Amino acid sequence: MSEAIRSLSEKGVYIFDSEAEAVEAAILMHDIGHGPFSHVLENTLIHGISHEEISVMMMEQINREMNGRLNLAISIFKDEYPKKIFHQLISSQLDMDRLDYLRRDSFYTGVTEGNIGSARIIKMLNVKDEQLVVDAKGIYSIENFLTTRRLMYWQVYLHRTAVGYEKVLINMLRRAKYLYSKDKLYAPPSLEYFLRNDIDASWFENHEQALQMYAELDDSDIWSAMKSWKHSNDRILSMLATDMLDRRLFHVEVLEEPPAQEDIDAISHRISEATGIAAADVEEYLMCVAEIGKDMYNPDDDSIGILYKDGTVKDIADASEILNVQLLSKKIRKYYLCYQRI
């Protein structure tokens, strides 16, 4: 973000020091509402509220403690500030978050094709009619960025191993919450709070303690609970906790079409026979079907404009010689059939 502010300033885009400070604060805090294991808590231990909404609540809490010094940062983050380029730098098709995580995740996973020229893209950023655009010289870097993003999603973020582990973890937490409603279950205090209560957006609004408990909840709480749950008398919870601890992820089949019900029934029956767990519980906790759709670029949502020397701006889908707009914006759907290994 600092590099982007510097690059835009050098091109004559006037940015106040207070705006630069605010947008840097906003990008630092934009994801603080993420719970342990990234998106896993959403719709498992909490529902009806996104991590972005929790980020705003946390930022507002910090702002109260800092006597309003984050007013501008929050205004930018919520897209209420008149100069829209700052929100675009935080959340858009070409935001600083994406430029950061694609390179970093490419490096740490060893998927070298994911390495994008983020430094060059930042140098090519410009502003036209109060919108963030890219100088025409940077068009090839943008083409690479879009194709790289697609590759990273299907090769890393939506890889069957990642999906398999995530489904084990989600089902384990769902089972733990169900069991807690019947009888007490060991959990560290911050995790126990979310197992005990039915927490949604209104709960956060009406219970001051909820945000504090959420802030305290981290990966260590869930790992320590898992070690206890591995020895649970409940066969399902014990099995799922053991799966996580012993790295025995769900078997994952990636399909182009939804799986047939008879195939699901056959797998469910096989697992039920092998484990002695009722077929209904197998389908509820030991298997799942996930439909995942991802498009590489949505021109209707928030387009990437290419700025030419004559001052005209074209959408990347029209400006690019190699990227086809229909292919770019086509939502690819895949179906993941995940189930317990026997």
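Just so it is clear, none of the values below were taken in a lab; they were calculated from the coordinates. In this text the structure is predicted, and so the values were computed from the model without any measurement. Here the Cβ is made from the backbone with ideal geometry for all residues, glycine too, and neighbour counts use every protein chain on show.
Once a ≥ b ≥ c are taken as the square roots of the eigenvalues of the Cα gyration tensor of segment 160-292, is the result rounded (a/c under 1.5), prolate (a/b larger than b/c) or oblate (a/b not larger than b/c)?
Verdict is prolate for segment 160-292.
What longest region of the chain stays clear of trypsin sites (Lys or Arg not before Pro) that DSSP places outside H, G, I, E and B and that have at most 14 other Cβ atoms within 10 Å?
79-183
When a/c reaches 1.5 or more, the comparison of a/b and b/c decides; with that in mind, is segment 28-79 rounded, prolate or oblate per its Cα gyration tensor?
prolate
Between Lys84 and Arg196, take the C-beta separation as r, use R0 = 41 Å, and let me know the FRET efficiency to the nearest 0.05.
So, using R0 = 41 Å, E works out to roughly 0.45.
For helix 51-65, what angle does its Cα long axis make with the longest principal axis of the chain, in degrees from 0 to 90 and rounded to 10?
70 degrees
For Arg248 and Asp183, what does the FRET efficiency come to when R0 = 22 Å and r is the distance between their Cβ atoms, rounded to the nearest 0.05?
Taking R0 as 22 Å, the efficiency between Arg248 and Asp183 is 0.25.
Magnitude of the Cβ-charge dipole of the chain, K/R +1 and D/E -1, about the Cα centre, nearest 20 debye?
That gives a dipole near 840 debye.
With a sphere of radius 10 Å drawn around the Cβ of His30, what net charge do the other residues whose Cβ falls strictly inside it have (Lys, Arg +1; Asp, Glu -1)?
-4
Nearest 20 debye, what's the magnitude of the dipole of segment 160-292 about its Cα centre given +1 on Lys and Arg Cβ and -1 on Asp and Glu Cβ?
Computed about the Cα centre, the dipole is about 660 debye.
What nm value, rounded to one decimal, do you get for the distance between Glu113 and Gln61 when each label is placed 7 Å out toward the C-beta?
Once both label points are built, they end up 4.2 nm from each other.
Over the chain, what is the mean sequence separation of C-alpha contacts under 8 Å (at least six apart), divided by residue count, expressed as relative contact order in percent?
Over the chain, the number comes to 18 percent.
List the GluC sites (Glu not before Pro) within segment 209-289 that DSSP assigns to loop and that have no more than 15 neighbouring Cβ atoms inside 10 Å.
Of the GluC sites (Glu not before Pro), the ones in loops of segment 209-289 whose Cβ has at most 15 other Cβ atoms within 10 Å are Glu256.
Can you give the local net charge around Phe250? Use residues other than it whose beta-carbon is closer than 12 angstrom to its beta-carbon, Lys and Arg +1, Asp and Glu -1.
+2
Assuming R0 = 25 Å, what is the FRET efficiency of Glu291 and His269, from their Cβ-Cβ distance, to the nearest 0.05?
In this case the efficiency is close to 0.60.
Suppose the chain between Asp218 and Glu257 were pulled fully straight at 0.36 nm per residue; how much longer would it get relative to their current alpha carbon spacing?
Gain on extension, Asp218 to Glu257, equals 10.4 nm.
Give Lys11/Lys137; Lys137/Lys331; Lys177/Lys227; Lys123/Lys294; Lys78/Lys137 a once-over and call out the pairs whose C-alpha atoms are over 23 Å from each other.
Table pairs above 23 Å Cα-Cα are Lys137/Lys331; Lys123/Lys294; Lys78/Lys137.
Please state, rounded to one decimal and in Å, the Kirkwood hydrodynamic radius that the chain gives when every pair of distinct Cα atoms enters the mean of 1/r.
Kirkwood radius, the chain: 22.7 Å.
Which value at 222 nm does the chain reach when only helices count, each DSSP H run of 4 or more adding -39,500 (n - 2.57), with the total divided by all residues and rounded to the nearest 500 deg cm²/dmol?
Computed ellipticity for the chain at 222 nm equals -15500 deg cm²/dmol.
When a/c is below 1.5 the answer is rounded, else prolate if a/b is larger than b/c, else oblate, so apply that to segment 234-273 with a ≥ b ≥ c taken from the square roots of the Cα gyration tensor eigenvalues.
oblate
Of Tyr153, Tyr308, how do they rank once you tally other Cβ atoms within 10 Å and put the fewest first?
Fewest-to-most Cβ neighbours within 10 Å comes out as Tyr308, Tyr153.
Quick check: pseudo-label points 7 Å beyond the Cα along Cα→Cβ at Asp100 and Glu21, how many nm apart are they?
2.0 nm
How tilted is helix 235-245 with respect to the longest principal axis of the chain? Cα atoms for both, answer in degrees (0 to 90, nearest 10).
40 degrees
Around Asp315, which amide H atoms from residues at least 5 apart in sequence, or from another chain, sit under 5 Å from its own amide H, with H modelled in the peptide plane?
Distant-sequence amide H within range of Asp315: Ile306.
Just to confirm a number: summing +1 for Lys and Arg and -1 for Asp and Glu over residues other than Ala319 whose beta-carbon lies under 14 angstrom from that of Ala319, what do you get?
Around Ala319, the charge tally is -2.
Hey, if you put +1 on the Cβ of every Lys and Arg and -1 on every Asp and Glu Cβ in the chain, which of Gly68, Cys288, Ile85 ends up farthest toward the positive end of that dipole?
Cys288
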